[in-house]
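Following: one structure in structure tokens, then a few remarks.
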Protein chains: 2
Amino acid sequence: MHEFDLIARIRARAALRGDVVLGIGDDCALLAPPPGMQLAVTMDTLNAGVHFPPETAPADIGWKALAVNLSDLAAMGADPAWCTLSLSLPEASEDFIDGFSDGFLSLAQQHDVALIGGDTTRGPLSISVTAHGLIEPDSALRRAGAQVGDAIWVSGTLGDAAGALRQWQAGAPMAPALQARLDRPTPRVALGRALRGIASSAIDISDGLLADLAHVCRASGVGARLDARALPSSAALRQAFDAATCLALQASGGDDYELCFTAPAAQRDVIHALSQTLNLPLTHIGEIVTGTGVCCEDVDVAAAGYQHFA
Amino acid sequence: MHEFDLIARIRARAALRGDVVLGIGDDCALLAPPPGMQLAVTMDTLNAGVHFPPETAPADIGWKALAVNLSDLAAMGADPAWCTLSLSLPEASEDFIDGFSDGFLSLAQQHDVALIGGDTTRGPLSISVTAHGLIEPDSALRRAGAQVGDAIWVSGTLGDAAGALRQWQAGAPMAPALQARLDRPTPRVALGRALRGIASSAIDISDGLLADLAHVCRASGVGARLDARALPSSAALRQAFDAATCLALQASGGDDYELCFTAPAAQRDVIHALSQTLNLPLTHIGEIVTGTGVCCEDVDVAAAGYQHFA
């Protein structure tokens with residue numbers, strides 16, 4: 001199977017948008033951004049054996065490759081618009097391409113993202129995606145905006161993906177609810193969009209809460225104090241691990257792709273209402289304080305350096 | 001060496017532009033495209049052992065990873081603006097990063113391209129780049145515009161990169177002039193820009209003249225007739241190979257990143273003048289005809305499927 005056939009196979013299934021002047025098939029795609037909008041651009045790569053177990057289903061790989069990029073757009077509050085995909089495969093496989101496309105394009109469709117171009121090459125299994133979002137000037141959620149006194153919030157539950165990984169690494173079967181979170185993370189796009197004008201900063205949790213919140217603190221020139229007992233956990237996580245392990249996974253496990261954001265205390269009711277509207281738990285987990293770094297009593301911070309799968 | 005250190009090391013050297021609202025360091029970059037301009041977007045990946053010999057100097061890898069993407073922008077006639085870089089490395093190496101950055105950023109600087117984000121991951125050596133260019137509406141050079149009766153032109157000389165590769169594959173030393181073309185291709189950005197309004201179609205030669213021109217023919221619904229004796233060659237190529245081998249390399253060798261374009265016959269003098277202005281040979285090599293496919297007497301077309309390095 002030739003490179004061009006692979007491209008044609010994906011192209012035939014890719015949806016377009018009105019702002020795509022020219023999609024897959026020329027030297028470049030051509031796009032017409034809406035007047036006055038800014039672009040949010042992110043690029044993330046997943047490598048087999050590093051970011052996912054080699055036996056992961058192709059559809060899950062496709063989903064995740066796009067999800068981790070949409071999560072970055074969500075963390076800026078941007079509306080997803082277009083993406084490019086570069087897929088390196090050890091050998092051309094129709095089955096892989098079809099499964100991969102199922103996962104990738106179903107998530108793209110959910111968020112009205114047009115696949116506009118990319119590359120297929122021979123090489124060890126690796127997927128790079130560049131995602132483009134649209135956002136009005138001065139409305140992006142940045143890491144640098146956290147203020148002393150702001151409340152720290154997190155969406156959903158923490159530690160589930162890392163819990164699945166822990167089971168996999170131990171050679172145990174993964175609990176289905178945890179595995180679903182590892183394989184098919186949900187980018188919190190609607191939440192990010194809704195937080196414009198409400199949150200003072202935001203980041204998505206890919207490296208673990210403590211590590212990612214530390215990025216926010218560094219960028220904002222502040223510190224953070226977390227209440228370990230407030231960190232949200234799923235029933236599946238509590239069922240699978242003892243309390244101390246749960247807490248370590250919640251604080252330091254990556255790959256959940258929940259949003260961690262800060263907001264003035266006065267936004268508390270607005271955020272609770274948003275949680276209802278989106279049907280998504282939003283939990284107050286701490287405060288921004290003067291100083292540097294993230295303080296979280298009862299957590300072994302030495303375990304904070306989550307390094308994904310391998 | 002940690003991922004964030006690698007990013008910091010590249011970030012410290014990346015130049016910015018006035019239209020970059022937020023560069024490397026947040027979940028996304030933020031860009032403000034000039035009003036009324038369209039975006040040209042392309043993404044290409046280079047894998048070690050597939051697209052370049054593993055022993056290639058890091059600076060040359062960096063150069064080439066950006067060059068092949070700028071070449072796609074050139075083929076559309078777009079002005080390069082921004083790029084993102086995803087770099088997978090087997091191990092974190094300051095020496096590799098510094099060399100790679102030398103090559104990558106020196107080419108970026110030549111074309112006023114801002115590196116705005118990306119990713120560094122652990123994995124087999126692989127480089128993905130997404131490049132963004134700006135172009136006025138309705139002025140892009142597309143593959144689909146070739147008309148029967150148009151002249152076919154090519155820039156520079158053909159077959160040099162493939163000649164170097166041929167020598168490398170034979171275990172012979174590469175002629176320096178040929179190796180330079182393989183390792184440090186020149187994206188024909190100024191030419192692409194100048195061809196707006198003159199050329200009816202364009203493509204860059206990455207897979208070989210015959211294969212790439214065939215893409216133009218397919219997209220335009222036309223055929224092409226090439227004059228094999230007109231194909232331009234370098235003195236270095238003629239010195240290294242016999243005439244038949246030269247011709248095969250010129251017709252079918254990839255990785256030259258010259259532009260092949262079509263233009264109405266009436267543009268002949270304008271194109272000759274452009275060649276003078278740019279100090280770049282532009283050679284009339286054939287005609288667009290009715291029918292399908294590319295006809296080039298005296299060339300063994302079976303050799304046309306150039307598959308890069310491996």
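What follows is calculated from the coordinates using simple rules that are stated; it is not laboratory data. As the structure is a prediction and not an experimental result, all values here were calculated from the model. Glycine also receives a Cβ, built like all others from the backbone with ideal geometry; neighbour counts cover every protein chain displayed.
For B:SER106, the distances from its label point to the matching points in the remaining copies are 4.9 nm, ordered from shortest, with each point set 7 Å beyond Cα toward Cβ.
Fully extending the segment from B:ARG238 to B:ALA266 would add 6.9 nm, taking 0.36 nm per residue of separation and subtracting the current Cα-Cα distance. For chain B, a Gaussian network of Cα nodes joined below 10 Å ranks B:ALA78, B:ALA230, B:ALA57 by mean-square fluctuation, and the top entry is B:ALA230.
Taking other residues whose beta carbon is less than 14 angstrom from the beta carbon of A:ASP150, and scoring Lys, Arg as +1 and Asp, Glu as -1, yields +3. A label point on A:ARG229, set 7 Å along the Cα-to-Cβ line, lies at 9.2 nm from each of its counterparts in the other copies, closest listed first. What net charge is computed for the residues neighbouring A:SER234, neighbours being all others with C-beta under 12 Å from the C-beta of A:SER234, Lys and Arg scored +1, Asp and Glu -1? Local net charge: -1.
Taking the centroid of alpha carbons for each part, the range A:149-202 and the range A:249-301 are 12 Å apart. Remark: label point of A:GLU136 defined 7 Å out from Cα along the Cα-Cβ vector; separations to the same position in other copies 3.1 nm, ascending. If you take the Cα centroid of the range B:79-130 and the Cα centroid of the range A:1-67, the two points sit 20 Å apart.
For helix B:58-76, report the angle its Cα long axis makes with the longest principal axis of the Cα atoms of chain B; keep it between 0 and 90° and round to the nearest 10°. Tilt relative to chain B: about 50 degrees.
Where nothing but the Cβ of Lys and Arg (+1) and of Asp and Glu (-1) is charged, how large is the charge dipole of the protein assembly as shown around its Cα centre, in debye to the nearest 20? Don't skip to the answer; put the middle values down first.
On the way: 38 positive and 70 negative charges, 141 e Å.
Charge dipole, the protein assembly as shown, about its Cα centre: 680 debye, nearest 20.
Ranking A:VAL189, B:LEU247, B:PRO264 by Cα position along the charge dipole of the protein assembly as shown, where only Lys, Arg, Asp and Glu carry charges on their C-beta atoms, puts B:PRO264 farthest toward the positive end.
Calculate, in nm to one decimal, what A:ARG17 and A:ASN279 gain on full extension: separation in residues at 0.36 nm each, minus their alpha carbon distance.
Gain in length upon complete extension: 91.5 nm.
Of the Cα atoms belonging to the range A:36-114, the radius of gyration and Dmax stand at 13.2, 45 Å.
Just want the ordering: A:SER233, A:SER93, A:SER128, from fewest to most Cβ atoms lying within 10 Å of their own Cβ.
Values: A:SER233 18, A:SER93 14, A:SER128 32.
Going from sparsest to densest Cβ surroundings: A:SER93, A:SER233, A:SER128.
Projecting the Cα positions of A:MET174, A:GLY99, A:GLY149 onto the charge dipole of the range A:84-196 (unit charges on Cβ atoms of Lys, Arg, Asp and Glu, taken about the Cα centre) puts A:GLY149 furthest along the positive direction.
Treating each Cα of the range B:177-310 as one equal point scatterer and applying the Debye formula with no solvent, the log10 of I(q)/I(0) at q = 0.20, 0.23 Å⁻¹ comes out as -1.36, -1.69.
Normalised radius of gyration for the range B:103-236, please: alpha carbon Rg relative to 2.2 N^0.38 Å, two decimal places. Write out the running numbers ahead of the final one.
On the way: Rg = 17.6 Å, N = 134, 2.2 N^0.38 = 14.1 Å.
Taking N as the residue count of the range B:103-236, the ratio is 1.24.
Ordering A:VAL294, B:VAL21, A:VAL129 by the number of other Cβ atoms within 10 Å of each residue's own Cβ, fewest first, gives B:VAL21, A:VAL294, A:VAL129.
For A:ALA202, neighbours were defined as the other residues whose beta-carbon sits under 9 Å from its Cβ, and their charges (Lys and Arg +1, Asp and Glu -1) total 0. Computed about its Cα centre, the charge dipole of the range B:13-149 is approximately 380 debye, with only Lys, Arg, Asp and Glu carrying charge at their Cβ. About the centre of its Cα atoms, chain A shows a dipole size close to 560 debye [charges on the beta carbon of Lys, Arg (+1) and Asp, Glu (-1) only; nearest 20 debye]. The Stokes-Einstein estimate for the protein assembly as shown, based on a Kirkwood radius over Cα pairs and taken at 10 °C with 1.306 mPa s viscosity, is a diffusion coefficient of 63 µm²/s. Projecting the Cα atoms of A:SER200, B:SER220, B:SER206 onto the charge dipole of the protein assembly as shown, computed from C-beta unit charges around the Cα centre, puts A:SER200 farthest toward the positive end.
Dividing the Cα radius of gyration of chain B by its Kirkwood radius returns 0.98 for Rg/Rh.
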